[in-house]
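This report concerns only the one structure given below.
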Amino acid sequence: MNTLIKTKKIMNKFNIIANKRYGQNFLIDDNILENIVNASDITSDDLVIEIGPGLGNLTEYLLKAAKHVLLIEIDPKMITVLEDRFESVKNYTLLNEDILKVNVDELVKEIEEKNNIKFNKVKVVANLPYYITTPILFKLLEDENSISDITVMVQKEVAERMVAKPKSKEFGILTLMVDYFSNANIEVIVPNSSFIPEPGVVSAVIRLEKNRKYKVKTEKIFFELIHKAFAQRRKKMINSLTSTNFNNMSKQGIEDLFSKCKLDFNTRAEELNIEEFINIVNNID
């Protein structure tokens, strides 16, 4: 039975209507589901974390590929569906939680101890709710040390921002954060017709392999710099940093810093690459 037919049967059985509050669109294209699993490079020794599994269409594929799957679902109605659908399956843990409020590293440790397992890698594979994509990604990249890589479906334009080049209109905070924490690659473009109900946007599957490849003197100041540099992206960067009180520095102090880094005073934030942002931080006394 293909996923579209299964989805319609489940929705009828449980009287399910996609909940806009949780950004629910159910993925029903078997080719795309297979492509997501292939792109995520799951092995039989991995723990996979799926955020917002919904009806469990992607979950069905993940359970066959991974040693164990941790499902984190915020909608209580979907918990009932998932428990029913995977009643005979043993290799998963299901939590009715908000991903932004859980400590993933602690959960991984608990699952390993409870099941007497040591996972090779911990990977996130998910069709993320589009309205909250960026906060979830920042949390997974910054806070959760056990996660090795992240393969997620997002809006195509968000995926393009993640891999944007300097001097493009897509280049910004998200690009720099993703680049700082990972190597990113767009794997699959997903048409609207792959979902029910159809979203109003084209989607993309992007894989982020976590990799701390840059050295910065003070991470906290680096994050402050990129956020404040793009706070008023149409302004010259010196003016933007001055008006947002970057690192409590005066305009003269920021100009001196730009001189030290051999940067033009007319530079705008989107004109710099990540190495140049890091160089600014590393030159602060």
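The values are calculated or read from the model by the stated rules, or taken from the named source; none is laboratory data. Note that the coordinates shown come from a computational prediction; the quantities given were computed from them, not determined experimentally. Every residue, glycine as well, gets a Cβ built from its backbone with ideal geometry; the counts of neighbours run over all protein chains shown. Side chains are part of the model used for accessible areas, which takes the heavy atoms of the whole protein and leaves out ligands, DNA and RNA. Shrake-Rupley method; radii C 1.70, N 1.55, O 1.52, S 1.80 Å.
Among the numbered conditions (1) open to solvent by 50 Å² or more (accessible area, probe 1.4 Å); (2) closer than 22 Å to LYS139 by Cα; (3) in a helix (DSSP H, G or I), tell me where LYS64 comes up short.
All conditions pass for LYS64, except number (2).
Within the range 29-57, take every residue that is charged (D, E, K, R) and open to solvent by less than 40 Å² (accessible area, probe 1.4 Å) and give me the one that is farthest from SER148 (Cα to Cα).
Applying the first criterion (charged (D, E, K, R)) to the range 29-57 yields 29-30, 34, 41, 45-46, 50.
Restricting the remaining residues to those that are open to solvent by less than 40 Å² (accessible area, probe 1.4 Å) gives 46, 50.
On the way: ASP46: 10, GLU50: 14 Å.
Step by step, filter the range 29-57, then rank; the result is GLU50.
Quick check, is LEU208 free of Cβ contacts under 8 Å to residues at least 24 places away in the same chain and among the aliphatic types (A, V, I, L, M)? Write out each step before concluding.
Working: free of Cβ contacts under 8 Å to residues at least 24 places away in the same chain: no; among the aliphatic types (A, V, I, L, M): yes.
No; evaluated as a whole, the condition is false for this residue.
Just to be sure before I move on: is GLU255 open to solvent by 40 Å² or more (accessible area, probe 1.4 Å), acidic (Asp, Glu) and closer than 25 Å to MET153 by Cβ in the structure I sent? Working first, answer last.
Values: open to solvent by 40 Å² or more (accessible area, probe 1.4 Å): yes; acidic (Asp, Glu): yes; closer than 25 Å to MET153 by Cβ: no.
For GLU255, the condition - open to solvent by 40 Å² or more (accessible area, probe 1.4 Å), acidic (Asp, Glu) and closer than 25 Å to MET153 by Cβ - is not met.
Give the residues of the range 272-285 that are open to solvent by 80 Å² or more (accessible area, probe 1.4 Å) and either at pLDDT 95 or above or under 25 Å from the mean Cα position of the chain (by Cα) (or both), sorted by residue number.
First, pick out the residues of the range 272-285 that are open to solvent by 80 Å² or more (accessible area, probe 1.4 Å): 275, 285.
Scanning the range 272-285 gives a single hit, GLU275.
Could you say whether any residue in the range 222-230 is more than 17 Å from the chain's Cα centre (by Cα), open to solvent by 60 Å² or more (accessible area, probe 1.4 Å) and acidic (Asp, Glu)?
The answer is no; no qualifying residue exists.
Just to confirm my filter: which strands (runs of 3 or more DSSP E) fall fully inside the range 74-165 and include at least 2 residues that are free of Cβ contacts under 8 Å to residues at least 40 places away in the same chain, in contact with an Asp or Glu (Cβ under 9 Å, 6 or more places away or on another chain) and surrounded by fewer than 20 Cβ atoms within 10 Å (Cβ to Cβ)? Working first, answer last.
Working: elements: 92-95, 122-127, 147-155.
Because the criterion is at least 2 residues that are free of Cβ contacts under 8 Å to residues at least 40 places away in the same chain, in contact with an Asp or Glu (Cβ under 9 Å, 6 or more places away or on another chain) and surrounded by fewer than 20 Cβ atoms within 10 Å (Cβ to Cβ), the strands (runs of 3 or more DSSP E) in the range 74-165 that meet it are 92-95.
Give me a count of the residues in the range 56-73 that are among the polar types (S, T, N, Q) and either without any contact (Cβ under 8 Å) to a residue 40 or more places away in the chain or out of contact with any Leu (no Cβ under 6 Å at 6 or more places or on another chain) (or both).
The first filter runs over the range 56-73 and keeps only residues among the polar types (S, T, N, Q), leaving 57, 59.
Then drop every residue that is not either without any contact (Cβ under 8 Å) to a residue 40 or more places away in the chain or out of contact with any Leu (no Cβ under 6 Å at 6 or more places or on another chain) (or both), which leaves 59.
Residues in the range 56-73 being among the polar types (S, T, N, Q) and either without any contact (Cβ under 8 Å) to a residue 40 or more places away in the chain or out of contact with any Leu (no Cβ under 6 Å at 6 or more places or on another chain) (or both): 1 in total.
Scanning for something among the hydroxyl-bearing types (Ser, Thr, Tyr) and within 16 Å of GLU198 (Cβ to Cβ), does the range 6-19 turn up at least one residue? Walk me through it before giving the result.
If we filter the range 6-19 for residues that are among the hydroxyl-bearing types (Ser, Thr, Tyr), which is where we start, we get 7.
Then drop every residue that is not within 16 Å of GLU198 (Cβ to Cβ), which leaves 7.
There is at least one residue in the range 6-19 that is among the hydroxyl-bearing types (Ser, Thr, Tyr) and within 16 Å of GLU198 (Cβ to Cβ).
If only one of ILE238, ILE206 is of a type in the set (Val, Ile, Thr) and touching a strand residue (DSSP E or B) at 6+ places or on another chain (Cβ under 6 Å), which one is it?
On the way: ILE238 fails: touching a strand residue (DSSP E or B) at 6+ places or on another chain (Cβ under 6 Å).
Result: ILE206 is the single residue among ILE238, ILE206 that is of a type in the set (Val, Ile, Thr) and touching a strand residue (DSSP E or B) at 6+ places or on another chain (Cβ under 6 Å).
Does the range 194-209 hold any residues that are open to solvent by 50 Å² or more (accessible area, probe 1.4 Å) and modelled with pLDDT of 95 or more, and which are they?
VAL202, GLU209
Any chance the range 62-75 includes a residue that's among the acidic types (Asp, Glu) and either in contact with a Lys or Arg (Cβ under 8 Å, 6 or more places away or on another chain) or within 25 Å of ILE189 (Cβ to Cβ) (or both)? Give the steps one after another, and end with the answer.
At the first step, the residues of the range 62-75 found to be among the acidic types (Asp, Glu) are 73, 75.
Checking which are either in contact with a Lys or Arg (Cβ under 8 Å, 6 or more places away or on another chain) or within 25 Å of ILE189 (Cβ to Cβ) (or both) leaves us with none.
Among the residues of the range 62-75, not one is among the acidic types (Asp, Glu) and either in contact with a Lys or Arg (Cβ under 8 Å, 6 or more places away or on another chain) or within 25 Å of ILE189 (Cβ to Cβ) (or both), which makes the answer no.
(1) β-branched (Val, Ile, Thr); (2) out of contact with any strand residue (DSSP E or B) (no Cβ under 6 Å at 6 or more places or on another chain); (3) under 23 Å from ILE32 (Cβ atoms): which one isn't true of VAL125, the others all being true?
Tallying (1) β-branched (Val, Ile, Thr); (2) out of contact with any strand residue (DSSP E or B) (no Cβ under 6 Å at 6 or more places or on another chain); (3) under 23 Å from ILE32 (Cβ atoms), VAL125 fails exactly one: (2).
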